[in-house]
1. Before we move on, is Ala640 assigned by TED's automatic domain parsing to the domain that holds Gly578 and touching a helix residue (DSSP H, G or I) at 6+ places or on another chain (Cβ under 6 Å)?
2. If the Cβ limit is 9 Å and pairs must be 6+ apart or interchain, which residue in segment 65-80 that is without any contact (Cβ under 8 Å) to a residue 40 or more places away in the chain pairs with which residue that is aromatic (Phe, Trp, Tyr) and surrounded by 17 or more Cβ atoms within 10 Å (Cβ to Cβ)?
3. Kindly indicate whether Arg84 is farther than 23 Å from Cys166 by Cα and not in a helix (DSSP H, G or I).
4. Go through (1) part of a loop (DSSP other than H, G, I, E, B); (2) within 29 Å of the chain's Cα centre (by Cα); (3) exposed (fewer than 14 other Cβ atoms within 10 Å of the Cβ) for Ala92 and report which single condition fails.
5. Considering every residue within segment 339-358, establish whether at least one is on the phi > 0 side of the Ramachandran plot and more than 23 Å from the chain's Cα centre (by Cα).
6. Could you figure out which of (1) assigned to a helix (DSSP H, G or I); (2) within 22 Å of Gly639 (Cα to Cα); (3) modelled with pLDDT under 95 isn't true of Arg396?
7. Among the residues of segment 598-613, is there at least one that is under 36 Å from the mean Cα position of the chain (by Cα) and over 19 Å from Leu672 (Cα atoms)?
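The values are calculated or read from the model by the stated rules, or taken from the named source; none is laboratory data. A quick note: this is a predicted structure, and the numbers were derived from the prediction, not measured. With ideal geometry, Cβ positions are generated from the backbone for all residues, glycine too; neighbour counts draw on all protein chains shown.
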Amino acid sequence: MRPDPAIPGLSPAGCFDILSHRLADVLVAPARRRAIRDAARQLPPVPRLALEIRLGGGDAGVDAAVDLHQMITRREEDPQILQRHLDQGGGAWAGGGLTGFLRSWAAEEDGLQDRFDQLYLEWDAPTNGAGPQLPALFLASDLRFEAADSRAARREALRRVVARLCQAQDAPLSDALFDVVAGPVSISHIGVMSGRGNAIRVNYRGISPADLPGLLGRLGWPGDVAAVSGQFAALVDAADRVTVGLDLVDGALQPSIGFEIFCDHPLPSVRWDRILDHLCRNGLCTAEKRAALGQIEATIAVDDAACPWPAAWILPTIRGPRNAWPMVRCHVSHLKLAVAADGVAQAKAYIAAEHHWQIGYGRPGEVTLPAGLSFHPRPSTAEAVADAVGFLLRARQQNGLWGDFNRINGGCNNWVTGVAALALAATGGEDALAAAGAALRVLCGRVRPGGGWGHNEIAPVDTDTTASIIKALMAVAAPESLPVVVAARDFLRGHLTDGGFQTYGAGTAIRFAGDGVVETGWRASHACVMANCALLLPDRLIPLLQRNQTADGSWRPYWWRSPAYPTALAAEALAVQGDRVAVGRAVAWARGQDPAAQSPFCAAAIARVLIAGGDRAGAEDILAGLVPLQLSDGSWTTGADMIWPRPEQMDGHVDFLDVPDDRRVFTTAGMLLAFAAAAACERGEG
């Protein structure tokens, strides 16, 4: 939401003015700043700007060029702003072919905005006295959640646009570029680099280190596959995502390659530290530039005394939405490792400044479906389960694990992988079991000294994550004598206390928001964690669960908004132990809930409680109502309602952050576990 586009003022030049206060001279030399600002003034007045900055020393040091980037979307008033900019003669930087396309896109001709809702423009470095060069234009190719027919239509439209931009009869995109796409691999963007002789760049995502050599071989890439494969594997191990960029000139693949490196959490963070450590060790980033990158992240408000608001922005700010606050976020978007034809590598950082109107200061954004998704009921439970399995198989990260809950603290991959692997194993399918086993082998290599796992590879060890992984290992028939299982059980026993069971042990060093965690709150006994661990230490934890059941039959959670999921875990554990009385109270609680008022995840958990108590009919009614809510990609909408209380709080529901499963992996795994429990009950195994 921005003011009417007739109100001038908000601009990428203003974004640069604000960002300049965060940029150390070692990143952008003072002598270069005027040329950058002058070039930014000539761009469309959409208040977003990113700088591409070289991180090395020597020839790639402070005197190196700084390229400009801008994202334009179909949201807000971007198309009208772009149209006005072009009508007023502001598109001299674009050239004839690109100007024509931008006009068509801004006017919504030929469904272009529906096909390509974001445009990425990239200008090579401006020089003193010169305006922006002809930019590259990048367009989305394969949306993650599109059906095959929609994806084919998008690709055909993309071919036409590329041909138009290259002023050629046919797009210089061979079928081979698309034929290598399979499974989790897709083409994220294709770019036409008009300023470089209409070179084409194709960005692939979802490639695992094991699959990169084969993909490059099938494409006939002429570079040194062995050399770049090692670099790629090291980056994938440290980052959340790494895309692969390949260039074509006159239709021929070039021996250069680029790896774009993304983390889901802002810099500085431990995960970013691992990536920057790697770059610095290999001489690709100087220590000074690394330190300067850690000073970029900030959200600047209009009244920030340390960073004056641009004068030209004052009127648009006054006339902006009354229920919103103007903000500019400065951040490191991602990094890139570019390997030239001669094998010489260069690292770059992409530093962005973006204006936005903050509505409801400090509230989490509303969860919405990504582009390309829709509700798509399956005709049977079997098909719903098969498509949910397919979603989880496609949702694996490049390192073979699953990640989710990415709002804070590095996200959760170890813990989520344990639950996803357990869900896949419960289906019994060959592909599902193979994927679960492969992921668990990765996790076995991540076990910490003393036995145990943290919710991700950099988090402190905890009992909840450790139990989830042990349960998954047992589900794929790992022997009880497996050393990693033995060590993990001992780790869990070490968290038993007099009358309790800790999530984090007394000797575990943990921090939150820069503060050491006190001995209460996070280190206390939590019924939701006990429920997950109960069957691994039944002699001690089952009595604790029985004592912690509330009067209404549920178990009060610490790490969850709703009692549905922990009550399902507790009821299942107590049913295995034959405690019909406690399970009966849980079933009475479940029957008093309204599944239609719950998220699919919580409704499925309620069904699991009923199954544990033998109410198969009641559970099947709930699950039948969830099948029509499945999405077109096989998942269900975000609904796993995890929370993060303040660390000193004994009551987790007093002051907390909502941390939804933004990738829908945990929700979909929960659905599969409910369907698997129902199937086992039908077979008489429950």
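1. Values: assigned by TED's automatic domain parsing to the domain that holds Gly578: yes; touching a helix residue (DSSP H, G or I) at 6+ places or on another chain (Cβ under 6 Å): yes.
Spelling it out, Ala640 is indeed assigned by TED's automatic domain parsing to the domain that holds Gly578 and touching a helix residue (DSSP H, G or I) at 6+ places or on another chain (Cβ under 6 Å).
2. Matching pairs, first to second residue: Pro79/Trp105.
3. Details: farther than 23 Å from Cys166 by Cα: yes; not in a helix (DSSP H, G or I): no.
No: the conditions fail for Arg84.
4. (2) is the only condition that Ala92 fails.
5. First pass over segment 339-358, keeping only residues on the phi > 0 side of the Ramachandran plot: 343.
Filter again for more than 23 Å from the chain's Cα centre (by Cα), leaving 343.
Yes, segment 339-358 has at least one match.
6. Tallying (1) assigned to a helix (DSSP H, G or I); (2) within 22 Å of Gly639 (Cα to Cα); (3) modelled with pLDDT under 95, Arg396 fails exactly one: (1).
7. At the first step, the residues of segment 598-613 found to be under 36 Å from the mean Cα position of the chain (by Cα) are 598-612.
Adding the requirement that they be over 19 Å from Leu672 (Cα atoms) leaves none.
Looking for residues that are under 36 Å from the mean Cα position of the chain (by Cα) and over 19 Å from Leu672 (Cα atoms), one finds none in segment 598-613, hence no.
Let's see how each residue does on (1) modelled with pLDDT of 95 or more; (2) under 27 Å from Phe16 (Cα atoms); (3) surrounded by fewer than 17 Cβ atoms within 10 Å (Cβ to Cβ):
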residue	(1), (2), (3)
Gly360	no, yes, yes
Glu366	no, no, yes
Ala371	no, no, yes
His376	no, no, yes
Thr381	yes, no, yes
